[in-house]
Amino acid sequence: MKKGTLIFFCGKMGAGKSTKAKVIALEKNAVLLCEDEWLAAVYPNAITSLESYVHFSNQLKPQMKKLVQSILSTGTDVVMDFPANTLAQRDWFRRLFLEIEAPHHLLYIDSPDAVCLAHIAQRRLEQPERAKTDTAEMFAQVTQYFVAPTDAEGFHITRLQQKAK
């Protein structure tokens, strides 16, 4: 049986990964899995810092991996709104699709910091519950770990370049 395609994203905080994930999931009639939604549902009010995010994200990943591999094995595409912003995060995605020999597509949303910060400010207004973590300070803290994907990593990458407004 043909496996579904795993579609996942790389881009700085506020680059537009979640927005693009929703659009692609609708276009492809794919299952959309959003890390922020899962973390909020499984660990309500627990994400208060970068450290707590990393801890709870890592707690979620083993079960998420099983779920995604199960869905892909049915031939259904999966769009994952989970960050692939570091080498370690991308290695997790690699294991996810390689173990079941499913196709994949990594979308890299390359946005200038000014665009990301503007998106984060807008998101704080639209989603006040994120005001504590969606800050310029958190952006700076998270961005220091960001590593853009390269062809040498072996992913099927599409780069979407955003210009400063």
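Each value in this text was obtained by applying a stated rule to the coordinates, not by laboratory testing. Nothing here was measured: the structure is a model prediction, and the numbers come from that model. Using ideal geometry, Cβ is built from the backbone for each residue, glycine included, and neighbour counts are taken over all protein chains shown.
At a glance:
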quantity	calculated
Amide hydrogen neighbours beyond the local backbone of Leu160, cut-off 5 Å, H modeled	Tyr108, Ile109, Asp110
Difference of contour (0.36 nm per residue) and Cα-Cα distance, Thr158 to Ala46	37.0 nm
Packing-based exposure ordering (other Cβ within 10 Å, fewest first) of Asp151, Asp91, Asp110	Asp151, Asp91, Asp110
Distant-in-sequence amide H partners of Phe9 (H built 1.01 Å from N, under 5 Å)	Phe82, Ala84, Leu107
Helix 113-126 vs. the chain, principal-axis angle (Cα, 0 to 90°, nearest 10)	80 degrees
Structure-based [θ]222 nm, the chain - -39500 (n - 2.57) summed over DSSP H runs of at least 4, per residue, nearest 500	-15000 deg cm²/dmol
Efficiency of FRET between Met1 and Ala114 - r from beta-carbon atoms, R0 41 angstrom, step 0.05	0.35
